[in-house]
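Take a look at the structure below.
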Amino acid sequence: MAGENHIKQINQQPLVELGLTNLEALIYTFLLENSPATGYGIAKGIGKPDANTYKALVSLQSKGVIIIEDSQTRLCRAIPLEELLNNYQKHYNEVINRAKNQLEKLKPSPADNRTYQLLSAEQVISKYRNMFSQSERVIMLEFFPYAIKELYQDIIAAAKRGVRITAKVCEQCNLPGVKVIVDPRGDYIRKRWPGQWANGVFDGEEYLLAFLSKDGSQVIQAVWSRNQYLSWIYYQGFVYELMLSDLEKGINDNQEINTLKEIIKKYKKLLNLKETGYKDASTFFIKVNKDRKNNKEE
């Protein structure tokens, strides 16, 4: 029987996150390379007490992670990795569907005008995916390469739905259906900033500003809000910043004055109040002021 020195050192945390205990994960990984084995042999192989090992084997069998021979020897075998992962995939899909069916019975709280911090890169990407899927009119982006790579399919899907998307990027990239503006100072900006930008405003009603680590795995600073006033102000600033970048490129390319005027005209269309959150913003603050006035009178 293989000894403790035959255990291959791998990161077992993903198995723990799937629902196994640390000991169960250790036993499964041992059995993947050393099946079949007796409970005694497994305990010796992993260097753990017999009693704890036998208890964990019973649990693993009940979870369908191992199978045990129906004989006096009680030899144990790990189920194949692909089978294990397929079982977990099916199980979690069923759990997600059951959770969805129950949670959809609840009435979501209305949106508010507060600003919220996002603390993980996963939150940032997830929030962006939701905003891309919900956007109806216009999206402004200022993305470094990491965000483009992670959200590429979401960007393309929104563009295919007819959402007008303008993206300011550091380097040329292929985004079908998207107006891409390559910042002339892109290389300089990337070298100056020790991380990745992922900034966007959606329909002039919702925004997310994120500064991630260089590999995109950690959040340095990220805030999200549906504050209509701040979203509208940021949207306007974004439009004019993109206009300036486009005009700068046009000037550098020695384009004619009429072409530059067309660029300005094009961006002014993006400030069409019917296409943005201006109406919602103004209505929201009229309501806020009215509520405050009523509270004072009471």
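Quick note: the coordinates plus some simple rules give every number you see, no bench work behind them. None of these values were measured; they are calculated from a predicted model. Don't worry about glycine lacking a Cβ; one is built from the backbone with ideal geometry, like all the others, and counts go over all protein chains shown.
The table below gives the values:
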| quantity | calculated |
| --- | --- |
| Once the Cα gyration tensor of the range 115-279 is diagonalised, semi-axes √(5λ) in Å | 24, 20, 14 |
| Mean shadow area of the range 4-99, taken as a quarter of the surface of its Cα convex hull (nm²) | 6.4 nm² |
| Under the span-like rule (Cα at least 30 Å along the axis, Kyte-Doolittle mean at least -0.5), DSSP H helices of the chain | 228-252 |
| Between the range 10-44 and the range 82-101, the Cα center-to-center distance that results, in Å | 22 Å |
| Share, in percent, of DSSP beta bridges within the range 115-279 that are antiparallel, nearest 5 | 70 percent |
| Calculated FRET efficiency for the pair Ser126/Lys268, C-beta based, R₀ 30 Å, to 0.05 | 0.35 |
| Antiparallel bridges, percent of DSSP beta bridges restricted to the chain (to nearest 5) | 70 percent |
| Kirkwood Rh, Cα atoms: Rg over Rh of the chain | 1.17 |
| Length-normalised contact order of the chain in % [C-alpha pairs under 8 Å, at least 6 apart] | 13 percent |
